[in-house]
1. R0 = 35 Å: FRET efficiency of Asp59 with Asn97, Cβ-based, nearest 0.05?
2. Put Asp66, Asp59 in order of accessible area, largest first, 1.4 Å probe: what do you get?
3. Using a 1.4 angstrom probe on the protein heavy atoms only, could you order Asp92, Asp63 from most to least accessible area?
4. Convert each backbone phi in region 59-69 into a coupling constant with the Karplus relation 6.51 cos²θ - 1.76 cosθ + 1.60 (shift: θ = phi - 60°), then list the ³J(HN,Hα) values in order as whole Hz, x for Gly and Pro.
Amino acid sequence: MSQRTLTRGRAPARSREKENLMTKKSLFPKLVLATALVVGALATAPAPSQEIPLPPYCDHHGDCIDVYAPVICSNGYIYGNGCYAWLACATDCVPYNNES
């Protein structure tokens, strides 16, 4: 069998190598452009205008006695007594009676 019959239906090996090289050459500028666009977009992205404020830090620790004297606080929660509300850093608490 000759070399010609083995490559029938396909381009000769040299031609394929040339096509691959041409494809690589045409992709390189596109990759450079895409990289430049991404870097440029990241460099010009606006920085956050200010930091998001954190909620006030609550550092209350301790033990409470189990006396049921419910209070309702400004956060809408009902606590078993004022001590538990204080531990949760709840504010504006008032006695709560659910007898109505």
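The values are calculated or read from the model by the stated rules, or taken from the named source; none is laboratory data. Computed from a predicted model, the values in this text were never measured in an experiment. Note that we place each Cβ from the backbone using ideal geometry, even for glycine, and neighbour counts take in every protein chain shown. Remember, those area values only see protein heavy atoms, side chains included, never the ligands or the DNA or RNA. Shrake-Rupley method; radii C 1.70, N 1.55, O 1.52, S 1.80 Å.
1. It comes out at approximately 0.70.
2. Working: Asp66 135, Asp59 85 Å².
The residues order as Asp66, Asp59, largest area first.
3. Of Asp92, Asp63, the descending order of accessible area is Asp63, Asp92.
4. 10, 8, 10, x, 10, 10, 7, 8, 10, 7, 9
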